[in-house]
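These notes concern the structure reproduced below.
The values are calculated or read from the model by the stated rules, or taken from the named source; none is laboratory data. Small disclaimer: the values here were computed from a predicted structure and weren't measured. Neighbour counts run over all protein chains shown; Cβ positions are idealised from the backbone, glycine included. Please note that ligands, DNA and RNA were not included when accessible areas were found on the heavy atoms of the full protein model with its side chains. Shrake-Rupley method; radii C 1.70, N 1.55, O 1.52, S 1.80 Å.
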Amino acid sequence: LPLDCLTGDDCFVQKYVDHEPGDAFRDYRCGSLSDNGHSGTDFRLRNFKMMERGVPVLAAAAGTVVKTRDGMPDVHAGLFSKEAVSDRGLGNAVVIDHGAGWRSIYGHLRRGGIAVTVGQRVAAGDRLGLIGLSGLTEFPHVHFQVNFKGSPVDPFTGIQRGKPDICEKSTGGTLWRKRAMDALAYRRTFLLNAGFSATPMQRTALQYGLYDRTRLSATARNLLFGAFFSGVQKGDV
């Protein structure tokens, strides 16, 4: 796996490669956990506190580091214009060449945390950096992308993005080892954060955990419960 985190507990796959060639989008299970044209797999941290503690990003396979970028701040992209980072959307990043046309890309890394240099040989599992909030993102995660001869490939199916697939039965060509695939069970919906507060919590406040207080005023007029889910769809209860 491209990160050192307990997948399914503190870390989740927020977005998969988009397999819909048109304007809509769908993941490899025909679900909606993607974006139009999304070319990688986004491994998300449950909250910002985990990012602050530091979650390592790891090399998924052996190879040579061919590109790095560092120095971009870890800032919620909603706080500024997307155009400000459109040319550096993946933020701080590392690119590894594995030979025979294969490369892997690791984006949105934490500023100052990149641990490798161009030309360095790495083994599978070597630390590349830390998960951050750099580039065009609104939550801490690592964008993990596999390319073959310049075209994105979905590691869950082995199929290039935009190519015809057989959806729910298309995992036969997975690039993941069995142990990794077993840890990546598909989950459409999951709870990220929940808690009480004396005032209504907007989405960003829930993301940042501003509700997370051990004491509330005894004179507060309201007691509110906020829950932050991912993957909720129309009709869910």
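What to note about this one:
- Hits in region 156-166 - residues which are closer than 14 Å to Asp18 by Cβ and open to solvent by less than 60 Å² (accessible area, probe 1.4 Å): Phe156, Thr157, Ile159, Gln160, Gly162, Asp165
- Residues located in region 197-212, provided they are closer than 27 Å to Phe43 by Cα and of a type outside the set (A, V, I, L, M): Gln202, Arg203, Thr204, Gln207, Tyr208, Gly209, Tyr211, Asp212
- Filter result for Leu184 (more than 25 Å from Ala77 (Cβ to Cβ), under 24 Å from the mean Cα position of the chain (by Cα) and in contact (Cβ under 8 Å) with a residue 60 or more places away in the chain): yes
- Selected residue (criterion: nearest to the chain's Cα centre (by Cα)) from residues of region 191-210 that are open to solvent by less than 90 Å² (accessible area, probe 1.4 Å) and farther than 22 Å from Ala77 by Cβ: Leu191
- Test: Gly22 is modelled with pLDDT of 90 or more and open to solvent by less than 60 Å² (accessible area, probe 1.4 Å): no
- Check on Arg29, assigned to a loop (DSSP other than H, G, I, E, B) and crowded, with 16+ Cβ neighbours inside 10 Å: yes
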